[in-house]
């Protein structure tokens, strides 16, 4: 049974942590073959499930040690129709995979959750196409496309759905509409280019405000993922009302652009300490950012550094004087 579907604890005061870059960790650090960056295929073998458990347990231990809540994201970023078909998975097999992913996370929550470490189980939704390219679906098409995966999660112990690496406002609208229709809390995470805008030039502010307007504010909250802080810092504004809807960041370790990362054959893990300092600065400027995790190139070193940098009480930004 879902534990937090009726009331997500990350919407209240308190800091939450998330994991790092699952696929980049498994591929580059552990030598796992993940065609099309699809980590969900590991659910189909006991060896693969054991590897996923070991991966998650590193972050469960970090959350426990730092007394933080944890967003436990399923390995299903690619477990939708088009990507599944490329890997030989039809609709019934994808339904089974999505259900199995939540079963694994629920078991981990049973074993690890403590009073000061609430664990939220999230069914992860990825974009239909390349997360670095603009989507071409209408909102209505996105509703139909993503509904089967969201329906699968709705029938499990998942507390919510978490859509990551979206570059299309229309796709975000479709996902949010299905989430609302199925009474599944939903988070929407956009990715941006080095200029702080979605591919195609749309601003983060416009993306958030448009999705809220078109869905009657259906998403529980918004996040940014798969971009370095230097890419999106200029897009944020402490005084803007839309910023109250943005409560999480899962940044890349690398300062490289999406195009450069696509062409690279090696992993750029960046500097965990520098990334942690940037998170600290973000938290000081925007105290509402309370879900802190990582994306491509990050691993437990980055998440530990972020926790340590942000463990101390966050001071609000200094007043700029009368307005």
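The values are calculated or read from the model by the stated rules, or taken from the named source; none is laboratory data. All figures in this text were calculated on a predicted structure; none of them were measured in a lab. With ideal geometry, Cβ positions are generated from the backbone for all residues, glycine too; neighbour counts draw on all protein chains shown.
Here are a few things to note about the model shown:
- Yes/no for residue 177 being in contact with a helix residue (DSSP H, G or I) (Cβ under 8 Å, 6 or more places away or on another chain) and surrounded by fewer than 24 Cβ atoms within 10 Å (Cβ to Cβ): yes
- Flag if residue 54 is farther than 25 Å from residue 92 by Cβ, at pLDDT 95 or above and touching a strand residue (DSSP E or B) at 6+ places or on another chain (Cβ under 7 Å): no
- Selection of segment 108-132 for residues being part of a loop (DSSP other than H, G, I, E, B) and touching a residue at least 40 places away in the same chain (Cβ under 8 Å) yields 116, 118, 126, 127, 128, 129, 131, 132.
- Per-region count, segment 184-196, residues under 14 Å from residue 219 (Cβ atoms) and surrounded by fewer than 24 Cβ atoms within 10 Å (Cβ to Cβ): 1
- Top-ranked residue in segment 133-155 [being in a loop (DSSP other than H, G, I, E, B) and free of Cβ contacts under 8 Å to residues at least 60 places away in the same chain; ranked as surrounded by the most Cβ atoms within 10 Å (Cβ to Cβ)]: 135
- Of all residues making up segment 247-268, the number that are assigned to a loop (DSSP other than H, G, I, E, B) and either surrounded by fewer than 20 Cβ atoms within 10 Å (Cβ to Cβ) or modelled with pLDDT of 95 or more (or both): 10
- For segment 11-65, the tally of residues that are surrounded by 13 or more Cβ atoms within 10 Å (Cβ to Cβ) and part of a loop (DSSP other than H, G, I, E, B) stands at 9.
- Tabulated pairs, segment 60-89, first more than 30 Å from residue 148 (Cα to Cα), second in a loop (DSSP other than H, G, I, E, B), C-beta under 6 angstrom, 6+ apart or interchain: 67/116; 68/15
- Any helices (runs of 4 or more DSSP H) falling wholly within segment 159-245 and containing at least 1 residues that are within 23 Å of residue 138 (Cβ to Cβ) and over 19 Å from the mean Cα position of the chain (by Cα): 169-181, 204-215
- Any hit, segment 304-314, residues being at pLDDT below 95 and either touching a strand residue (DSSP E or B) at 6+ places or on another chain (Cβ under 7 Å) or closer than 22 Å to residue 72 by Cβ (or both): yes
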